[in-house]
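Taking it in order: structure first as structure tokens, then the write-up.
The values are calculated or read from the model by the stated rules, or taken from the named source; none is laboratory data. Only a predicted model underlies this, so the values are computations on that prediction, with no experimental measurement involved. With ideal geometry, Cβ positions are generated from the backbone for all residues, glycine too; neighbour counts draw on all protein chains shown.
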Amino acid sequence: MSYFSEIYRGFKTLINGFRVTHKYFINARKEIVTVQYPEERPVIFDRFKGEVIMPHDENNEHACTGCQACEIACPNGSIEIIWDRVLNEETGKKKKTIDKHIYHLSMCTMCSQCIEACPTGAIIWGQEFEHSVTDRSELTKVLNNPGSKVRADVED
Amino acid sequence: MDYEAQIKKNQFRTEEYKINMGPQHPATHGVLRLNLTIDGEIIKRVEPDLGYIHRGIEKMCEYDSYPQIIHLTDRMDYLSSHNNNEAVALAIEKALEIEVSDRVKYIRTIVGELTRLASHQLWWGVMGMDLGALTSYFYGFRDREVINDIFEETCGARLTMNYSIPGGIRYDIHKNFVQRVKDFIVHFRSKLPEYDQLLTGNIIFEKRMKGVGILSKEDAISYGVSGPVARASGVKSDIRKIKPYSAFAVQDIDFKEPIYTEGDAYSRYKVRIDEMWESMRIIEQLVDNIPEGNIKEPTKAVIKLPKGEFYQRVETARGELGVYINSDGKKSPYRMKFRSPGFSNLSALEDMAVGSKLGDLVAMMATLDLVVPDIDR
């Protein structure tokens, strides 16, 4: 007898499950949660940690003084700064200036240590998330634009 | 007629043989290799073989400063990454004798419970998929996506949040956070009964889960099993009740610890479903009265812990996570040890599996909720 009652229960529970799936099948247009990705773009939040970027203003100037605080704070060694002391024409003093701020995205774990360590706010999080490339050397980026220099009001 | 008698009657000569399950097996959820000794379909021995995703996180911690350690713990049990961050942050705060504000404690607990919900939703989805019901996968991930958006808006990442730091939290909560959490609770309270409707009462599911992989209370205690696996065997093991931390120590939060006594796969399933209801109750009690306060207590630029040993345990989605720091007064720990819940839970697998069929092993592993990077740090 339990054989038949189990068959009955089997059909009952099966229909119970189908009630959920068919509810969504019939009302398919109401609760769409999927995004047709390349055409529809998802909303990227302001705090999203995509990659480290260095914002430049309209005069091609950034706020990085080359203090290397980010390089020391990074646990993975994904930031390398190549710097030199350059003679300032006006004051006649030598000042530390960055040549290249190299950022290895392939080694970065998005831990925010560099951005919290930066005293001048020169580097911030960018919201770019499409990082796939065909060659891994493309993941090594130089953050400062060619020919850029430090903003005059930034003190180190 | 049972199997052994049938062999005797038919004069079969059977041999034990070994097969590998994993490291690339869809039901092991990662690179876990099981050396199985089987006789026909009957499991004789199960030897988990670890080391495929060993990154040496404990050793790496010895060379990193304390704030740098936090992001490594995200990568251990990536499904309850906030709880891992919280454990390390609490251990360091205990050593430095910092008392964080109530606001930090409340936010940590809310985010921690959301992490637990997200982890259990993913577990529910992939458990159904392991047993052959692909539908549950989509339903679990649909609801988890809402939590992931909350995390992304407040913490900046969807999975490895890296949000608790020694002395507080990294950012204050986003202005939409409270409203989004409330919306999620309303949403998920209407969706969680669907989970029951789809799987819990289903006869095929019950036949595969009930009486499978029984772990007795004595064995659960002796293996050091914790979390939902221990609760299904009747062991009270919730750290939130035994040794309250964060907001559990501040406010008397009303929540139950679901206890089942059968110890089989089905009761482990039921414990996790009940935990989702309880987590929602905890969040509801906290989210409306987040107090004002500092989000970060000032710490020195280079954090140096005093000499000594410090231990802190928290309840992650998988069980009890212990963080042990042995400091010699320098800026990085002398020894760091994580007592991960998954490792102890996996050790009970052989006890459960011996004598049962090969197909049931998948159900056992699914209800143990293994995360291999947590087992193999």
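Summary table
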item: Test: residue in the range B:319-340 that is in contact with an Asp or Glu (Cβ under 9 Å, 6 or more places away or on another chain), among the polar types (S, T, N, Q), without any contact (Cβ under 8 Å) to a residue 24 or more places away in the chain and more than 20 Å from B:ILE242 (Cα to Cα); result: yes
item: Checking B:ILE70 against (1) buried (at least 24 other Cβ atoms within 10 Å of the Cβ); (2) more than 14 Å from chain A (Cβ to nearest Cβ), the condition it does not meet; result: (2)
item: Test: residue in the range B:296-304 that is among the small types (Gly, Ala, Ser), under 18 Å from the mean Cα position of the chain (by Cα) and not in a helix (DSSP H, G or I); result: no
item: Criterion (away from every other protein chain (no Cβ under 14 Å), among the acidic types (Asp, Glu) and closer than 30 Å to A:PRO119 by Cα) met by exactly one of A:ASP46, A:ASP99; result: A:ASP99
item: Given (1) under 14 Å from the mean Cα position of the chain (by Cα); (2) in contact (Cβ under 8 Å) with a residue 60 or more places away in the chain; (3) under 20 Å from B:SER237 (Cβ atoms); (4) surrounded by fewer than 24 Cβ atoms within 10 Å (Cβ to Cβ), index of the condition B:ALA348 fails; result: (1)
item: Among residues of the range B:179-191, those that are within 16 Å of B:THR135 (Cβ to Cβ) and buried (at least 18 other Cβ atoms within 10 Å of the Cβ), counted; result: 0
item: Residues that are hydroxyl-bearing (Ser, Thr, Tyr) and part of a helix (DSSP H, G or I), drawn from the range B:145-203; result: B:THR154, B:SER190, B:TYR195, B:THR200
item: B:GLY359 vs. criteria of a type in the set (Gly, Ala, Ser), farther than 28 Å from B:ALA87 by Cα and surrounded by fewer than 22 Cβ atoms within 10 Å (Cβ to Cβ); result: yes
item: Any hit, the range B:21-32, residues being in contact (Cβ under 8 Å) with a residue 12 or more places away in the chain, surrounded by fewer than 16 Cβ atoms within 10 Å (Cβ to Cβ) and in a loop (DSSP other than H, G, I, E, B); result: no
item: Enumeration of residues in the range A:118-130 that are closer than 12 Å to A:VAL52 by Cβ and in a loop (DSSP other than H, G, I, E, B); result: A:CYS118, A:ALA122, A:ILE123, A:GLN127, A:GLU128
item: Test for B:LEU159: is it out of contact with any strand residue (DSSP E or B) (no Cβ under 7 Å at 6 or more places or on another chain), within 13 Å of chain A (Cβ to nearest Cβ) and surrounded by fewer than 23 Cβ atoms within 10 Å (Cβ to Cβ); result: yes
item: Listing of helices (runs of 4 or more DSSP H) fully contained in the range B:222-274 that carry 2 or more residues being crowded, with 24+ Cβ neighbours inside 10 Å and polar (S, T, N, Q); result: none
item: Residues of the range B:165-201 that turn out to be free of Cβ contacts under 8 Å to residues at least 24 places away in the same chain and closer than 23 Å to A:THR13 by Cβ, as a count; result: 4
item: The one condition in (1) outside the structural domain of A:GLU116 (by TED's automatic domain parsing); (2) surrounded by 15 or more Cβ atoms within 10 Å (Cβ to Cβ) that A:LYS23 fails to fulfil; result: (2)
item: Single match in A:GLU51, A:GLU90 (criterion: charged (D, E, K, R), within 14 Å of chain B (Cβ to nearest Cβ) and at negative phi); result: A:GLU51
